[in-house]
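Below is one structure, written out as structure tokens; comments come after it.
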Amino acid sequence: MSASGSGILQGKTGVIFGALNDSSIAWAIAKAVYRDGGRFILSNAPVVQRFGTLDDLAEQTESRIVWADATSADDLGSLYAEAEKDFGKIDFIVHSIGMGLNVRKKKEYTELNYEWYKKTLDISAISLHRIVRAALDAEILKDKGSILSLSYIGAQRIFSEYSEMGDAKALLESITRSFGYRLGKRGIRINSISQSPTKTTAGSGIEGFNAMFEFAERISPLGNADAESCADYAVTLLSDYTRMVTMQTLYHDGGFSSMGISDSIVEALGAVFENES
Ligand SMILES: NC(=O)c1ccc[n+]([C@@H]2O[C@H](COP(=O)([O-])OP(=O)(O)OC[C@H]3O[C@@H](n4cnc5c(N)ncnc54)[C@H](O)[C@@H]3O)[C@@H](O)[C@H]2O)c1
């Protein structure tokens, strides 16, 4: 991709939620959207303001930061009021938000703390509903707009250490379908990218992340997809080229989701199993 970008998002504006630091998937998405001509407000939870790293991204992408807790309807209402001042109506929303409280605190799935579990679902999935609903209430989203979120294959299959986050991602993907049906009459599409394990703050909070990362790397014919390639894919989904794609979980995973086992894993595990028997 050239440094000057494709220009396919020229004239499009939006809000990008979830850039925390330069490892974040949303950070890479913001850079790619900017490169390809899109303009946006960056948003994240007020509690991360103290880290200060988002200022660098705002400067690089000529954007403004508006802090909003994605679980708060009031914060989201204020955010869209600010977005309206900058852009009038917007073309896209990127939801790149996730947090598993029980996962972080190493609570097994069979022993979930339900208060934390509710918070996990609220932050990681219901926030997508809130973000879309607040945009509809503010009447800020243009017809034919595009909404995007980030998911993981743990929504569909069991990845033992992913635990409650699998439930959160299943709900996120279901909200994507439920809204997709209702927004279709306005030509608005909503999709979820199901991304490879990626070395980010949220990713590395998962116990056994390195094993999941290496396993996926060895099984995927193309290897793991990194944040930059995810960002390039995201650009296409925000562009008019994908105007008839909606309600989908779109695998951006180097082929992982179509694999069973690969030679590399057979060889690695063959040796381990031989030693054990
Ligand atoms: N890293 C991976 O392996 C991987 C794989 C597939 C999908 N994803 C998904 O990608 C998305 C982005 O995660 P990431 O890996 O870039 O990690 P990240 O930690 O950089 O991003 C997660 C973001 O969520 C934000 N957030 C948490 N609570 C919030 C709240 N209440 N309001 C607003 N924002 C809040 C955090 O501040 C952070 O910016 C998440 O949905 C994650 O589940 C990640």
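The values are calculated or read from the model by the stated rules, or taken from the named source; none is laboratory data. Predicted model only: the values in this text are computed from it and were never measured. Here the Cβ positions follow ideal geometry from the backbone for every residue, glycine too, while neighbour counts run over all protein chains shown.
Overview of results
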| item | result |
| --- | --- |
| Lone qualifier among Ala70, Ala81 - being assigned to a helix (DSSP H, G or I) and among the aliphatic types (A, V, I, L, M) | Ala81 |
| Residues located in the range 31-55, provided they are in a helix (DSSP H, G or I) and either of a type outside the set (A, V, I, L, M, F, W, C) or more than 7 Å from the ligand (Cβ to nearest atom) (or both) | Lys31, Ala32, Val33, Tyr34, Arg35, Pro46, Val47, Gln49, Arg50, Phe51, Leu54, Asp55 |
| Residue selected from the range 73-95 under the condition of a type in the set (Gly, Ala, Ser) and out of contact with any helix residue (DSSP H, G or I) (no Cβ under 8 Å at 6 or more places or on another chain), by the criterion nearest to the ligand (Cβ to nearest atom) | Ser78 |
| Residue in the range 242-263 that is away from the ligand (no atom under 13 Å from the Cβ), among the aliphatic types (A, V, I, L, M), surrounded by 20 or more Cβ atoms within 10 Å (Cβ to Cβ) and under 23 Å from Ile140 (Cβ atoms) present | no |
| Of all residues making up the range 96-125, the number that are surrounded by fewer than 20 Cβ atoms within 10 Å (Cβ to Cβ) and β-branched (Val, Ile, Thr) | 2 |
| From Leu148, Leu183, Leu172, residue being within 8 Å of the ligand (Cβ to nearest atom) and either among the polar types (S, T, N, Q) or at pLDDT 95 or above (or both) | Leu172 |
| Selection count, the range 152-182, where residues are under 18 Å from Leu238 (Cα atoms), crowded, with 17+ Cβ neighbours inside 10 Å and touching a residue at least 60 places away in the same chain (Cβ under 8 Å) | 3 |
| Residue pairs meeting the criteria (Cβ under 8 Å; at least 6 apart or on separate chains; first touching a residue at least 60 places away in the same chain (Cβ under 8 Å), in the range 38-60; second surrounded by fewer than 16 Cβ atoms within 10 Å (Cβ to Cβ)) | Gly38/Gln10 |
| Test for Ala28: is it within 15 Å of the ligand (Cβ to nearest atom) and not basic (Lys, Arg) | yes |
| Single unsatisfied condition, Gln195 versus (1) surrounded by fewer than 22 Cβ atoms within 10 Å (Cβ to Cβ); (2) closer than 23 Å to Arg218 by Cα; (3) in contact (Cβ under 8 Å) with a residue 60 or more places away in the chain | (1) |
| Selection within the range 173-213 - farther than 15 Å from Gln248 by Cα and part of a helix (DSSP H, G or I) | Lys185, Arg186, Thr201, Ala202, Gly203, Ser204, Phe209, Asn210, Ala211, Met212, Phe213 |
| Output for the range 126-156, where each listed residue is in contact with a strand residue (DSSP E or B) (Cβ under 9 Å, 6 or more places away or on another chain) and of a type in the set (A, V, I, L, M, F, W, C) | Leu128, Ile131, Val132, Ala135, Ile140, Leu141, Ile147, Leu148, Leu150, Ile153, Ala155 |
| Flag for Ala58 being surrounded by 14 or more Cβ atoms within 10 Å (Cβ to Cβ), within 10 Å of the ligand (Cβ to nearest atom) and more than 26 Å from Leu136 (Cβ to Cβ) | no |
| Qualifying positions in the range 117-169 - assigned to a strand (DSSP E or B), under 26 Å from Ser229 (Cβ atoms) and of a type in the set (A, V, I, L, M, F, W, C) | Ile147, Leu148, Leu150 |
| Yes/no for Gly5 being in contact with a helix residue (DSSP H, G or I) (Cβ under 7 Å, 6 or more places away or on another chain), at positive phi and within 13 Å of the ligand (Cβ to nearest atom) | no |
